[in-house]
Structure formats: C-alpha cells, structure tokens
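A.B. asks: This is the structure, below, for whatever I ask next.
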C-alpha cells in the first residue's frame, strides 16, 4: 500500500498532486485558487461562473427570462462566439438526438426553467423537438437517451452523505441499472460512467446549478434548507471535472464561512480527484482551469 | 449488549395533533435501502444498519411529516450515525438531538430517529416536536456510548465534536489524513475523532481500538510506514505545513494527534491517554 497510498503529507510534498489535492482535500485558500485560475492560458479548461442577484423568485425558483439570459451569456463566454445561436450550433448539430440529463432529487432538483432554457436553445440550433429528451430516472429504458448522439448534463451541486458531493460526474449514475455497484470506496470510480458506450464522447455541455447549493447535509435525508444559500449562479463548462472542482471550492469556502473553521467535505469527494488523476476525464487542478466570472460578484467565494 | 429490538411500528404514535398515518408503513433492510434513499443508504450500512420503518403522517391543509426509525442493532451505531450531524449537546429528545426548523433527529438506545416536515407551518413545527416527544417516550431504554469515548481527554475538547465510526471512509471527517485505509479500520475497530482548541487553531485527536493486539500492531506499522516513518523514534514531529503531529500505541489502542499548533499540545494529549 505504501507507494500508492495518498496521504495528506504526500499531497503537500508532491507538486503534481498538491494543486489538485489542496483544492479538493486540504481546503486551500480561495485566494490561492483564484490566483491560479486567473493565469489564463489557451490549453486550460474554461469554466464560466455567472451570477444574477435577482434571479430567484423563491427557493430554487429562477425567473425564466433572467435564467435564459444567464445561460446565453455563459455560453457566449464559454465558446467565444458573438451570437448565441452560432454558439449553440457549435455545440449541437440539427440531426443530433439530444438527452438533457437532469436530476430529480426531491429537495433540490434541476429547475424546470433551466431544462426549458436548454431545450429552447437546442431547438434554435436546429434540433427537432421529438429528438430532445429531458430525464433523470429511467434513462436506461429511454429511446432518446439510449440512442442519443449528444448529451447535456445539468444538476444542482449539493453535499452528499457518501460521495462527498452530488456532482456532474455522479449525475450519469442513472446510465447503469444498478447504481449501488459504484458505491464502493465512497464512489471513488464514478468517472468510469463516462466511458460507457452510451455516454463516451457525447457530452457537449455541463451546467452545474448553483442557485441554492446545499453546503452541508443533515439527517437521513441529508437536507435542511438551513444549509442552502442563495448563491444565484450557474457554472458552465465543457470539462465536467473542472466544473465540479470549481463548484467544490465554492462549497468549501461557504462551509468555512458558515462554520467559522475548516470543515472538509465528509467524506471527501474522492471521485472528482480520481476523475482527474486516475481516469483522465478532465482536470481538477486549479492551475489548469480558466475561470471566467460574469455578473454579480458580491460574496463570490472564489 | 443492548435491549432486544422493539417492534418498530409500536414506537410510532397513531395520531399527533390530528395528523394520522397516510398509507401503510414501509420497511427497508440492507438489501433494499438503496431503493429508498439511494446513495444515502451507505452511511447507515457503514454503521451496520438492520432495518427502518417509515411512516408518513398527513393532516388536511397541512404539510406532510415523515417519521423514520432506524434500528441500528447496537446503541454505539445509533450514536455513530447521529454524531455525523451533531453541532450541539442538546438532549431535548432521546440521548442526543439536533433540532431544525423543519426537522428533528435524535438517537436513543439502538434507534436513530428522523422526523421531517416537507414545509414549515406552525402546526407542522409543533407536531414534529410532539412526535419526537412521543417516540422518545415509547422507547423505554437507553443505550451505552461506545466505550472508547471514555478515553477522550476533556481539557480543551470541543465536546459536541466527538465522532464515532468503524468504517474507514469516515477517517477524514475533520481533517484529511489519507485516501486509503492505512489504519485497517473495520467493523471490529472502534474509532473516535474529536476536535480540540479554538476554531482558529484547531487540532484533532484520533483514537482507534482494535479487537486484538496483533491487529493494533499491524495498524500501527501501517500508519507509520505510510504516513510518518520518522515518528518511530519521536513522540511528535513537525509536518510540512508547520503543524505538529504525534502517533502512539497503547496495547490495543492507537492514538493520533494532528494539526496541532504546538508540540506541547501533541505530547499533552498523548500523555493524558497513557494515564
């Protein structure tokens, strides 16, 4: 076990892992992470954080028009295009069969307003409505998802009692009929989901909903509204690991602010670390993430 | 050993403030708990959960209330699950409770109880409290805390932070130590984490008691080899981040102190446990 075992001290000593491990496990300061992110380079994974102070009409209830505007601005920043339909046409083709993978967790589902905003732009890009599916449960028996040529992955970020966080990476667990088969070692190898034939190479966009993130879970439901807050944001990117890692940094900063001390995710979100270091799905290294921040900046936490 | 299990449905009142059961009670065990709470099931399974009853109470015009009683087989497991959420030393219900605007959780004997309203109204708030009190009364026995907790020194302890576990996944609950099970923690190990000092200068104690001396010896060697080879001849060392740590073995118990601002905090805790 000695050589492969990852410990706190090895993370601190090992430069190649220190950046990622510091970000995900050791609660590196947000300032350090931000400095690393701001050093823009073209080979970095771009992640767009957009926030709107007035987006919410209630808990997890965004204003549809403002949400559409947020999504559009994020897409333009992510793609570098000037026109929103051009931006979407760069992501989707008219002949695509599109599965929009959402999350229906009772206490914090993907808002229907976001589902519709994505669908609208997919249709603006030329997709036929009959070729667009929006679903979480039951996708293993769904014709659109089983025959999809494109996927868009979207869910709210929340802490999770076993995997550390409910992440974009984890959101594809419904592509297998027995999700508990990936629960071992606190869901360490969730990134293998992204190698499934029904998934691999198909994800065109990842949207992590940060409107009312859950930063701490309690009880068997792992939920209390007390531990959500109005962050009013979306994190958008092509690299799911980079988007998840950025979201975790925000959650950790919120936990530190709320509890007044470092309060690591319990258990750590090992699956995001390993999605980078073991499965090479993307990067969780803040020095390899270009964070673009748009909109409301107050209490940004990153 | 604790008292034998009571019938779970006998621990739930038939009526609370006009709220009555809606539909049939549902039961889950280790085999099908995933169907009920998906990945959340693993937390309970890691504490040797046996079964749970779930009952939904409804009242016309009011938000519904879901009450669940988890039979954790032993009191130490009920306490262990509860210790994940403990932020205070509240004992309003059972042997320890946490109270939220829309929920109450508590533990008593071998049972972990969760009561959750799906919204907040005056009636639902009153009713979740009355329901908790009713269940508390119907569970007539108390359970013992894990014996290892008696070894936790009290000076500078954050008392509500005591966290009990016997699955390695929870090793990093307060402070990232390792991604793998370098302490060989399993169902035959009783482990505790606790916080000391002020938030700005927090340090952490880990105690792990093994079933046999041989197991403790192996775990000690594994930790030293993987985490701190230089500790073999030192009581405490300064780590790369400038903090102090120590690790020692006393018969079947391993003791670790992490993240201490000063060497004396490490040696002080280690010496107290030796005594």
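All of the numbers you see were taken from the coordinates with simple rules; none came from a lab. It should be emphasised that the depicted structure is a prediction, and the values quoted were computed from it without experimental measurement. Note: ideal-geometry Cβ built from the backbone for every residue, glycine included; neighbour counts use all protein chains shown.
A.B. asks: So what is the calculated 222 nm ellipticity per residue for the protein assembly as shown, using -39500 (n - 2.57) for each DSSP H run with n of 4 or more, over all residues, to the nearest 500 deg cm²/dmol?
C.D. replies: So the helix-based figure for the protein assembly as shown works out to -8000 deg cm²/dmol.
A.B. asks: Return the ratio Rg/(2.2 N^0.38 Å) for the stretch B:8-138, where Rg is computed over Cα atoms only.
C.D. replies: 0.99
A.B. asks: Next question, about the same structure. Among A:159, A:140, A:149, which one moves the most in a GNM of chain A with springs linking Cα atoms closer than 10 Å?
C.D. replies: In the Gaussian network model the winner is A:140.
A.B. asks: Would you please state the base-10 log of I(q)/I(0) at q = 0.20 1/Å for the stretch B:116-231, with intensities from the Debye formula using one equal scatterer on every alpha carbon?
C.D. replies: -1.09
A.B. asks: Ratio to report: Rg/Rh of the stretch B:100-140, with Cα atoms as the point set and Rh obtained by the Kirkwood method; give two decimals.
C.D. replies: 0.99
A.B. asks: With just the Cα atoms of the stretch A:8-295, tell me how far they stretch along each of the three principal axes, in Å, largest first.
C.D. replies: 53, 40, 38
A.B. asks: Right, something else. Can you give the extra length, in nm with one decimal, that the chain gains between residue B:89 and residue B:73 once fully stretched, where that is 0.36 nm per residue apart less the Cα-Cα distance?
C.D. replies: Using 0.36 nm per residue and subtracting the Cα-Cα distance, I get 3.4 nm.
A.B. asks: If you don't mind, there's one more thing I want to ask. Mind checking the log10 I(q)/I(0) for the stretch A:41-115 at q = 0.15, 0.17, 0.23 Å⁻¹? Debye, one equal scatterer per Cα, no solvent, two decimals.
C.D. replies: -0.67, -0.84, -1.21
A.B. asks: Which FRET efficiency value, to the nearest 0.05, do you get for residue B:151 and residue A:277 by plugging their Cβ-Cβ distance into 1/(1 + (r/R0)^6) with R0 = 30 Å? Write down the numbers at each step before the final one.
C.D. replies: Numbers: r = 37 Å, r/R0 = 1.23.
With R0 = 30 Å, the Cβ-Cβ based efficiency is 0.25.
A.B. asks: Treat the protein assembly as shown as a sphere of radius equal to its Kirkwood radius over Cα pairs and apply Stokes-Einstein at 25 °C in a medium of 0.890 mPa s; give the translational diffusion coefficient in µm²/s, rounded to a whole number.
C.D. replies: Roughly 98 µm²/s, to the nearest whole number.
A.B. asks: Can you sort A:132, B:177 by how many other beta carbons sit within 10 Å, fewest first?
C.D. replies: Neighbour counts put them in this order, fewest first: A:132, B:177.
A.B. asks: Right, here's the next one. Over the Cα atoms of the stretch A:57-190, what radius of gyration and what Dmax do you get, in Å?
C.D. replies: 15.7, 45
A.B. asks: When chain B is treated as a GNM, springs tying every alpha-carbon pair under 10 Å, which of B:176, B:220, B:28 comes out with the largest mean-square fluctuation?
C.D. replies: For chain B, modelled as a Gaussian network with Cα springs under 10 Å, the answer is B:176.
A.B. asks: If you scale each eigenvalue of the Cα gyration tensor by 5 and take the root, what three semi-axes come out for the stretch A:229-295, rounded to whole angstrom and sorted largest first? Please report the intermediate quantities before stating the final value.
C.D. replies: Details: eigenvalues 88, 59, 16 Å².
Whole-Å semi-axes of the equivalent ellipsoid: 21, 17, 9.
A.B. asks: Kindly provide the Kirkwood hydrodynamic radius of chain B in Å, to one decimal, from all pairs of distinct alpha carbon atoms.
C.D. replies: Over chain B, the inverse of the mean reciprocal pair distance is 20.2 Å.
A.B. asks: Once the Cβ-Cβ distance between residue B:26 and residue B:262 is put in as r, and R0 is 60 Å, what FRET efficiency do you end up with, to the nearest 0.05? Kindly include the intermediate steps, with their values, before the conclusion.
C.D. replies: On the way: r = 53 Å, r/R0 = 0.88.
My answer for the efficiency is 0.70.
A.B. asks: Moving to a separate point now. Return the whole-Å distance between the Cα centroid of the stretch A:61-94 and the Cα centroid of the stretch A:150-228.
C.D. replies: One Cα centre to the other: 23 Å.
A.B. asks: Moving to a separate point now. Go ahead and run the numbers for FRET between residue A:106 and residue B:137, Cβ-Cβ distance against an R0 of 51 Å, rounding to 0.05.
C.D. replies: Computed FRET efficiency for residue A:106 and residue B:137: 0.95.
A.B. asks: Right, next: What is the order of B:60, A:202, fewest Cβ neighbours within 10 Å to most?
C.D. replies: With the sparsest Cβ surroundings first, the list reads B:60, A:202.
A.B. asks: For each of B:45, B:139, count neighbouring Cβ atoms within 10 Å of the residue's Cβ, then give the residues from fewest to most.
C.D. replies: Ascending Cβ contact count within 10 Å gives the list B:45, B:139.
A.B. asks: With each label point set 7 Å from Cα along the Cα-Cβ vector, what nm distance links residue A:14 and residue B:35?
C.D. replies: Here the answer is 4.2 nm between the modelled labels.
A.B. asks: With springs only between Cα atoms under 10 Å, which of B:130, B:71, B:241 fluctuates most in a Gaussian network model of chain B?
C.D. replies: Among B:130, B:71, B:241, the largest mean-square fluctuation in the Gaussian network model of chain B belongs to B:241.
A.B. asks: Still on this structure: Spin-label point model (7 Å from Cα, Cβ direction): what's the residue B:121 to residue A:200 distance in nm?
C.D. replies: 5.3
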